[in-house]
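Let me begin by presenting the structure, written as structure tokens, before commenting on it.
Read-outs throughout are calculated quantities, based only on the coordinates presented, and are distinct from any laboratory measurement. Bear in mind that the values here come from a model prediction, so they are computed numbers and not experimental data. Methodologically, a virtual Cβ is constructed for each residue, glycine included, from the backbone with ideal geometry; neighbour enumeration extends over all protein chains shown.
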Amino acid sequence: METKQNEWFEWGKAFIIAILLAIIIRTFVFTSYEVQGESMSPNVFDGERFIVNKMGYGFVEPDRFDLIVFHANEEEDYIKRVIGLPGDRISYRDDVLYVNDEPIEEPFLTERIEEHQWGAYTNDFAIPEVVPDGHVFVLGDNRPNSLDSRRIGFISTDQIVGKVDWRFWPLREAGLMK
């Protein structure tokens, strides 16, 4: 009888430890995120699911073109692409991104820009000030239909949940994100 109680006790401890580890990992290391909307197509679509690395930006700064999830407001998180880093001056002319007056290629949009038939894929704009310290400038890949830094402003690095590292749904598209 005592052996059976010890066995149940050991299983209970293992279960509690597993639950605590899952909570710690989900809270501090990784989380999942489901995309809502079409602002990141053609590279990310509504309903796709990702693993978001919450620890990475605790040690390093975001890089240009990272896919990030951030708190847009108290109720919503958005997924967008980092375009501008602190100190950058951002503008867009004739479907070309300029960072500090230097043209920057966006290979993830090349095909979409070539297919687009109704004028510029990304409307021309110029941000009058530089990206402030502790902030980034983000855009959705679906430039004609994205609520991003052009309308909501710079994103504080404190708002960033993490970097999108891994797509796990749909399974046929599963893998590391570029």
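General remarks:
- Residue 75-residue 19 FRET efficiency (beta carbon distance; Förster radius 30 Å; 0.05 resolution): 0.65
- Estimated dipole of the stretch 31-176 in Debye, rounded to 20 [Cβ of Lys and Arg +1, of Asp and Glu -1, Cα centre]: 200
- Of 78, 144, 41, farthest towards positive along the dipole that unit charges on Lys, Arg, Asp, Glu beta carbons give the chain: 78
- DSSP loop chymotrypsin sites (Phe, Trp or Tyr not before Pro) with at most 16 other Cβ within 10 Å: longest gap in the chain: 119-178
- Furthest towards positive pole of dipole, 18, 96, 65, structure part the chain, Cβ charges: 18
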